[in-house]
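To start, the structure under review is shown below, and the notes come after it.
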Amino acid sequence: MSFAIEHLGQNLWRGRFTAFPEQEVVHGFSGRLGGVSEKPWDSLNMGLHVEDAPEAVLENRRRFLRALDLKAELAVSPEQVHGTEVYQVRDEDKGRGALAYAGAIPRTDALITDVPGVPLLLCFADCVPLIFYDEEHHAIGAAHAGWKGTVGGVAGNTVSAMQRVFGTEPDKLLAGIGPAIGPCCYEVGEEVEAQFREIWPQHADKLFSMQEGRRKLDLWEANRQQLLSAGLPAANIECAETCTACQHKWFFSYRADGGRTGRLAAVIALKEY
Ligand SMILES: [Zn+2]
């Protein structure tokens with residue numbers, strides 16, 4: 001099991017977890033190359049909310065999703081407000097947020113669905129993308145976990161929602177922690193550490209380190225711990241261990257790119273049989 005970067009053709013690349021069975025569920029984390037956006041969103045910006053030209057973003061989405069054999073116009077996206085709400089995507093939600101940010105599922109940071117052929121599409125530049133696959137119930141999930149969402153428990157909420165809605169058994173659920181800013185680069189203030197210590201006193205020592213006088217947070221590990229607490233076996237949790245700030249030539253990074261930049265997309269969809 002591992003995280004692999006693959007060339008999809010025409011300079012489009014995706015990151016993927018090899019543990020996710022491609023014949024049942026297709027997913028990908030988009031890179032920076034192969035799109036049409038101008039600087040500072042160059043070039044495969046997938047985010048409609050970052051002042052890039054919408055027609056460029058839509059072309060980028062079409063290219064990337066077509067390369068995954070998915071339809072960009074059916075994609076569903078949440079507003080992403082650094083919260084912890086989970087929304088169940090049904091057939092009638094197809095296309096919400098696909099063409100305009102205003103159409104996204106409001107005040108939501110995680111989506112779950114068992115409808116085949118509907119791509120869940122979430123946008124990131126350093127925050128942690130989480131994806132889920134329940135093979136038994138043929139259901140998927142995707143979540144956006146920055147530090148606030150992580151403290152709030154969005155990963156655990158997504159697992160709980162899948163249990164409630166689809167009957168998912170956490171010990172059979174597969175999860176992937178995608179490319180995101182790593183413990184090497186994610187500097188945070190004391191107040192962030194204080195909040196983690198309050199909620200997870202047992203894990204905080206593992207999550208924070210001082211490097212040259214700077215406080216660094218390991219958001220990958222924070223989310224992994226949350227998934228373990230939710231009942232997933234360690235063997236079912238994949239981590240890309242790919243830092244978007246270190247690798248910002250390949251992936252958009254809010255911090256390494258100086259704030260104004262594009263967004264990578266985490267895309268996951270159930271195959272239609
Ligand atoms: Zn780094």
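Return yes or no: is Leu65 surrounded by fewer than 22 Cβ atoms within 10 Å (Cβ to Cβ) and modelled with pLDDT of 95 or more? Taking the combined requirement at face value, the residue does not satisfy it.
Screening the candidates Glu238, Glu169, Glu136 for the property of being of a type in the set (D, E, K, R), more than 26 Å from Gly15 (Cβ to Cβ), away from the ligand (no atom under 16 Å from the Cβ) and modelled with pLDDT of 95 or more yields one hit, Glu169. Only residues that are over 21 Å from Ile105 (Cβ atoms) and touching a residue at least 40 places away in the same chain (Cβ under 8 Å) were counted across region 53-67, and they come to 2.
Among the residues of region 94-116, just one is of a type in the set (Asp, Glu) and within 17 Å of Glu272 (Cα to Cα), namely Asp114. Within region 1-20, the residues that satisfy the criterion of being within 18 Å of the chain's Cα centre (by Cα) and part of a loop (DSSP other than H, G, I, E, B) are Ser2, Thr18, Ala19, Phe20.
The rows are residues; the columns are (1) of a type outside the set (A, V, I, L, M); (2) crowded, with 24+ Cβ neighbours inside 10 Å; (3) under 27 Å from Pro78 (Cβ atoms); (4) in contact with a Gly (Cβ under 7 Å, 6 or more places away or on another chain).
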| residue | (1), (2), (3), (4) |
| --- | --- |
| Gly149 | yes, yes, yes, yes |
| Gly167 | yes, no, yes, no |
| Cys184 | yes, no, no, no |
| Ile199 | no, no, yes, no |
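Checked against (1) within 16 Å of the ligand (Cβ to nearest atom); (2) crowded, with 19+ Cβ neighbours inside 10 Å, Ala265 meets all criteria but (1). Touching a residue at least 60 places away in the same chain (Cβ under 8 Å), buried (at least 17 other Cβ atoms within 10 Å of the Cβ) and part of a loop (DSSP other than H, G, I, E, B): does that describe Gly176? Spelling it out, it is not the case that Gly176 is touching a residue at least 60 places away in the same chain (Cβ under 8 Å), buried (at least 17 other Cβ atoms within 10 Å of the Cβ) and part of a loop (DSSP other than H, G, I, E, B). For region 71-94, taking the residues that are in contact with a Ser or Thr (Cβ under 8 Å, 6 or more places away or on another chain) and in a loop (DSSP other than H, G, I, E, B), the one that is surrounded by the fewest Cβ atoms within 10 Å (Cβ to Cβ) is identified as Arg90. All of (1) among the aliphatic types (A, V, I, L, M); (2) in contact (Cβ under 8 Å) with a residue 40 or more places away in the chain; (3) in contact with a helix residue (DSSP H, G or I) (Cβ under 7 Å, 6 or more places away or on another chain); (4) surrounded by 21 or more Cβ atoms within 10 Å (Cβ to Cβ) hold for Val25 with one exception: (3). Number of residues in region 172-205 that are within 16 Å of the ligand (Cβ to nearest atom) and among the β-branched types (Val, Ile, Thr) equals 3. Total residues in region 206-235 satisfying the condition of being in a loop (DSSP other than H, G, I, E, B) and either aliphatic (A, V, I, L, M) or within 16 Å of the ligand (Cβ to nearest atom) (or both): the figure is 4. Could you list, in sequence order, all residues of region 208-231 that are free of Cβ contacts under 8 Å to residues at least 24 places away in the same chain and among the hydrophobic types (A, V, I, L, M, F, W, C)? Selection gives Phe208, Met210, Leu228. The residue list Val25, Val81 contains one member that is of a type in the set (Val, Ile, Thr), closer than 30 Å to Glu136 by Cβ and modelled with pLDDT of 95 or more, which is Val25. The residue of region 116-140 that is farthest from the chain's Cα centre (by Cα), among those that are part of a loop (DSSP other than H, G, I, E, B) and surrounded by 20 or more Cβ atoms within 10 Å (Cβ to Cβ), is Val118.
The values are calculated or read from the model by the stated rules, or taken from the named source; none is laboratory data. Just so it is clear, the model here is predicted, and its values are computed rather than measured. Don't worry about glycine lacking a Cβ; one is built from the backbone with ideal geometry, like all the others, and counts go over all protein chains shown.
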